[in-house]
Amino acid sequence: MLHGSVEDLPAHGARAGRRRVEARAALELGLRLGDLLLLPGMAVLSHIVLYGAAVPDQSQRIVFGAVILSAIVCFSVAPVYRNWRIRGLLADLWLLLLAWSGTFALFSLYAVLIGLADAVPATWLVGWYVSGLSAMVVLRVLLRVQLHRLRSRGMDRERILLVGLRAPALKLHRLLRGKPELGKEVVGYFASAGDIATRRGGNAPRCLGSLADVAGYLNLHRGEFDQIWVSLPFGDPAPIRETLKQIERFPVPVRLIPDTTGLGALNPSVHQVGDVAMIGVRQGLADHRFRLFKRVEDIFVAGVAVIALAPLFAVLALGVKLSSPGPVFFRQRRHGLGGKEFWMLKFRSMRVHEEGAGQITQATRGDPRVTRFGAFLRRSSLDELPQFFNVLGGSMSVVGPRPHATQHNDHYERVIERYMHRHYVKPGITGWAQVNGLRGETPELRSMKKRVQYDIDYIRRWSPTLDARIIVLTAFKVLGQKSAY
């Protein structure tokens, strides 16, 4: 039975809803206005500190305007302001760094094209870049502190009702309960046939009744909820139609939660072509906008590595040449993004030999084909360094699932479920599986299955911070471990 005052609760809920909307709008406006004031303010401050004057000359005023216009473009292209409240702080700051760095890169291109490069005071630009970035970081930290305070007092929190409770809805409930900073709260759910909650007990949100009680509950608590999420099986559309008909007189946003359990889904998403909506069951990275950021990350890391390690490349190439007759580099066909083949480079670690047609034998401990210098290269993973050229060429990424020989792929795709999901992203020099100890020979099928699980987990969880973590872990873990022969 539902309890409460029909006269009081709707008015109270409407006021609470207005306060939540006003709080969100104020924070959004504060972030945009803050950046709008901080960027020119830091330019003027840097100019005063360096030159003792607040008014720059004519050429510097052109620079000032060009950088501001570049910032408007880059901050619009990058999702700096979109959904920032539901992003983690590190992800938010990473996007800010990319957008602000892109601003100066775009300005540099403009300065070269119009011949303004010689007139640009480099010290002022560097001071503006550092002070502007620092000020925007501080602004975001302060806004998140205020956001945490508002949400701890029940403001800026979206209240959600669930209709039905399939596996994805229960997963969402757990996520929101474990991350209150996302600002969403599942108040309860209305039970339907086959709900997973009947088997999970205390892990489920509070049950508010059955499907027949939805309209009555909404009528009693009108205006108290921000969204209704419907989690019913798509196989039988009748319950969905009946539920939507019950709640159509309540102006609350309604979302359907598709149950893709058992379909081998990989980062499912919603797309619209014209007026037709589609559910993407399998794709690569969870957010396609991040593909550009990952490419920029790859070019930067690989470019720095090739330049910094050039002397080491020369020494290793000489060592390979002296260790045994044959070429310096070993090339092998591997499957890359979308299953397309490419030539992967390594420093040659084995003596030149012939394999049988369609056969590739993995190296094992004490393999007589491996040279003494090659064994050192394989143990230290230095044989993988030429793959930075693959990264610069676009066939590989710095971080991603390790590419396997085409013959191994043809075998494992038949015996390991979802094995080819690894190719929804570019293969990497290092990966999530490798930093978790799954590197080198895989004599047992379960070892390869475990590696595939880590690879798919990486694709689902990808973020710039995860890539940075894997790169750091690679330096400390992979380079010294003994599992490669």
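The values are calculated or read from the model by the stated rules, or taken from the named source; none is laboratory data. Predicted model, so just to flag it, every value in this text is computed and none were measured. With ideal geometry, Cβ positions are generated from the backbone for all residues, glycine too; neighbour counts draw on all protein chains shown.
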Margin query: Among the residues that make up region 253-270, is at least one of them among the charged types (D, E, K, R), outside the structural domain of residue 425 (by TED's automatic domain parsing), modelled with pLDDT under 80 and in contact with a strand residue (DSSP E or B) (Cβ under 6 Å, 6 or more places away or on another chain)?
Written below: no
Checklist line | residue 347, sole failed condition from (1) at pLDDT below 85; (2) of a type outside the set (Gly, Ala, Ser); (3) in contact with a Pro (Cβ under 8 Å, 6 or more places away or on another chain) | finding: (1)
Notebook entry, point to check: What number of residues within region 205-231 are touching a strand residue (DSSP E or B) at 6+ places or on another chain (Cβ under 7 Å) and modelled with pLDDT under 85?
Noted result: 3
Notebook entry, point to check: Just one of the numbered conditions (1) surrounded by fewer than 20 Cβ atoms within 10 Å (Cβ to Cβ); (2) under 17 Å from residue 329 (Cα atoms); (3) not aromatic (Phe, Trp, Tyr) is not true of residue 378; which one?
Noted result: (1)
Notebook entry, point to check: Counting only residues that are assigned to a loop (DSSP other than H, G, I, E, B) and either at pLDDT 90 or above or closer than 11 Å to residue 399 by Cα (or both), how many does region 420-445 have?
Noted result: 4
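Looking at region 324-348, which of the residues that are among the small types (Gly, Ala, Ser) and closer than 24 Å to residue 314 by Cα is nearest to the chain's Cα centre (by Cα)?
Among them, the one singled out is 326.
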Next item on the list: Just need a number here: residues in region 208-244 that are touching a Leu at 6+ places or on another chain (Cβ under 7 Å), more than 19 Å from residue 194 (Cα to Cα) and assigned to a strand (DSSP E or B).
Entry: 1
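Go through region 176-192 and count every residue that is at pLDDT below 80 and assigned to a loop (DSSP other than H, G, I, E, B). It would help to see each step written out before you state the result.
At the first step, the residues of region 176-192 found to be at pLDDT below 80 are 178-183.
Subset that is assigned to a loop (DSSP other than H, G, I, E, B): 179, 183.
Number of matching residues: 2.
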Check: What number of residues within region 73-97 satisfy the criterion of being at pLDDT 85 or above and β-branched (Val, Ile, Thr)?
Finding: 0
Note to self: Given the criteria in the same structural domain as residue 472 (by TED's automatic domain parsing) and touching a Lys or Arg at 6+ places or on another chain (Cβ under 7 Å), does residue 400 qualify?
What the structure shows: yes
Check: residue 24 versus (1) modelled with pLDDT under 80; (2) over 30 Å from residue 148 (Cα atoms): which is the lone unmet condition?
Finding: (2)
Note to self: Among the residues in region 227-236, are any exposed (fewer than 13 other Cβ atoms within 10 Å of the Cβ), among the acidic types (Asp, Glu) and under 22 Å from residue 168 (Cα atoms)?
What the structure shows: yes
